[in-house]
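Data block below; observations after.
The values are calculated or read from the model by the stated rules, or taken from the named source; none is laboratory data. In this text, all values refer to a predicted model and were calculated from it rather than measured experimentally. Glycine also receives a Cβ, built like all others from the backbone with ideal geometry; neighbour counts cover every protein chain displayed.
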Amino acid sequence: MFTPTFTAVMARIYAGQEDESVAALLHAAGDGRKSHDPLALRLKPGVREFVVRQSAGLGISASGLINLILEGVIREMLLPFENQASHVYERFQLLMEAHGLGITEVATLLAPFNIRLGVLEDRARTLDYLNEETLECIAGWFNIDADWLKAKTAAPVNLALSAHRWRDNLDHAAKSLLSADSGDIKTDVYFFRSSQHSLLNNNIDNDHHVGLYVLRRKSINGVSINTVRLFEQAPWSNEQARSQYRMLMGFCALAQTAGRLHLNTVALRPAQMMALRSGVTLPALIAFLPQTVGSLNSWRPEENLPLRYPDNYMTPEWRAIANKYLHGTNV
C-alpha cells in the first residue's frame with residue numbers, strides 16, 4: 001500500500017517502465033486516430049471546473065484537452081528522446097503563433113536559412129532545418145532562452161541572465177531600454193503591477209511585486225514583428241527596490257520626452273504576475289492579450305508621479321545616466 005499522491009504515483013510509474021507495449025501504442029496513435037472505446041472519468045469539482053473553463057477558452061472539447069495533457073505526460077515518461085524532438089517543433093510553432101506570424105511571414109523571416117513554405121508545410125522537414133544555429137538566432141530575435149527552444153529547459157525566459165536583470169546594473173538597464181537596432185521601428189516600455197495592489201501602499205507582503213517589459217516593433221528580413229523583452233520583478237516591500245523602480249520610471253519619462261520610447265502602465269492578474277516572475281510562459285502570451293491591452297494606463301494618478309515629475313525622483317547616478325544616453329552620443 002502507498003499513499004496515492006501525484007508524486008508517489010509518478011515515481012512508481014517511472015520505476016515500472018518495462019511495459020513497452022504502451023510506447024508502441026503511442027507510436028501507433030501518431031496518426032491522430034482515437035479509440036472507439038469510451039472511458040468514463042470522475043473528476044473532482046475543482047478539476048472539472050478547471051477543465052471546462054480551459055477547454056472553452058482554448059476552443060477545444062474537454063475530452064480533447066484531457067487527452068492532450070495525459071498523452072503529453074505519458075510521452076514524456078516513455079518516449080523522452082522522441083518527445084524532445086516534438087517539443088522543438090511545438091515550441092517553434094508556439095513562438096511564431098504567439099507573435100502573430102502567419103506561415104507566409106515565417107517563410108519570409110526564415111528565408112536566409114532556406115526554410116521556405118515547402119519546408120514549413122512538413123513537420124519532419126521543418127525539424128531537419130531547425131538546427132542549433134537557426135534556433136539560437138530565432139531565440140535572439142524574440143528575447144527568449146535558446147535552451148528552451150532547443151527543448152533543453154522548461155522556462156522560455158531565464159530571468160537569472162544579466163539581460164533581464166535591471167537592478168544589478170542600472171547603466172546596462174538604461175542602455176537596454178533605449179538601444180535601437182537599425183531595424184527597430186518603435187519601442188514601448190510597460191511598467192506593470194498586480195491588479196490587487198497599489199504602488200501607494202508600502203505595508204504589503206512579499207507577494208506584491210512590480211516589473212516591466214519592453215515591446216519593440218522591428219523589421220527582420222523584410223518582416224515586421226513585435227518582440228517582448230521581459231525584465232525581472234522586484235518586491236514592493238523592499239524599500240530599495242521601490243526607490244529604484246521609481247527612479248527607473250523617472251528615467252523612462254525623460255526618455256519619452258526625448259522621443260526615445262513610449263511609456264505605458266498596466267495592471268495584471270496575480271496569476272499572470274506569477275507566470276512572468278517564474279518565467280514559465282512566453283511573455284508575448286500575456287503582453288498581447290486583449291485584457292492586458294485593455295488595462296493600459298489603469299494606474300491611479302498618484303502612482304504615476306515619477307512619470308509626471310521625473311526630476312523629483314532622480315539621484316545623481318540616474319542623472320548621469322540620463323545625460324549620457326539622452327543628451328550625449330546615441331546608443
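A few remarks follow.
- Filter pass, GLU97 being assigned to a helix (DSSP H, G or I), under 26 Å from ILE286 (Cβ atoms) and either in contact with a His (Cβ under 6 Å, 6 or more places away or on another chain) or modelled with pLDDT under 95 (or both): yes
- Across the range 40-63, the number of residues qualifying as assigned to a helix (DSSP H, G or I) and loosely packed, with under 13 Cβ neighbours inside 10 Å comes to 8.
- None of ILE286, ILE321 is assigned to a helix (DSSP H, G or I), among the β-branched types (Val, Ile, Thr) and within 30 Å of TRP148 (Cα to Cα) except ILE286.
- Unmet requirement for LYS324, which otherwise passes all of (1) modelled with pLDDT of 90 or more; (2) more than 20 Å from the chain's Cα centre (by Cα); (3) among the basic types (Lys, Arg): (1)
- Of all residues making up the range 115-144, the number that are surrounded by fewer than 19 Cβ atoms within 10 Å (Cβ to Cβ) and assigned to a loop (DSSP other than H, G, I, E, B): 4
Here's the yes/no breakdown for (1) part of a strand (DSSP E or B); (2) surrounded by 20 or more Cβ atoms within 10 Å (Cβ to Cβ); (3) in contact with a His (Cβ under 6 Å, 6 or more places away or on another chain):
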| residue | (1), (2), (3) |
| --- | --- |
| GLY211 | yes, yes, no |
| VAL214 | yes, yes, no |
| LYS218 | yes, no, no |
| VAL228 | yes, yes, no |
| GLY250 | no, yes, no |
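- Remark: pairs (first residue in the range 272-287, farther than 20 Å from ARG216 by Cα; second residue β-branched (Val, Ile, Thr); Cβ separation under 7 Å; 6+ apart in sequence or on different chains) = GLN272/ILE286; ALA275/THR281; ALA275/ILE286.
- Pick from the range 145-154, criterion part of a loop (DSSP other than H, G, I, E, B) and out of contact with any Ser or Thr (no Cβ under 7 Å at 6 or more places or on another chain), ranking: farthest from SER278 (Cα to Cα): LYS150
- Residue check: GLN256 meets all listed conditions (1) in a strand (DSSP E or B); (2) closer than 15 Å to PRO306 by Cα; (3) of a type in the set (S, T, N, Q) but one, namely (1).
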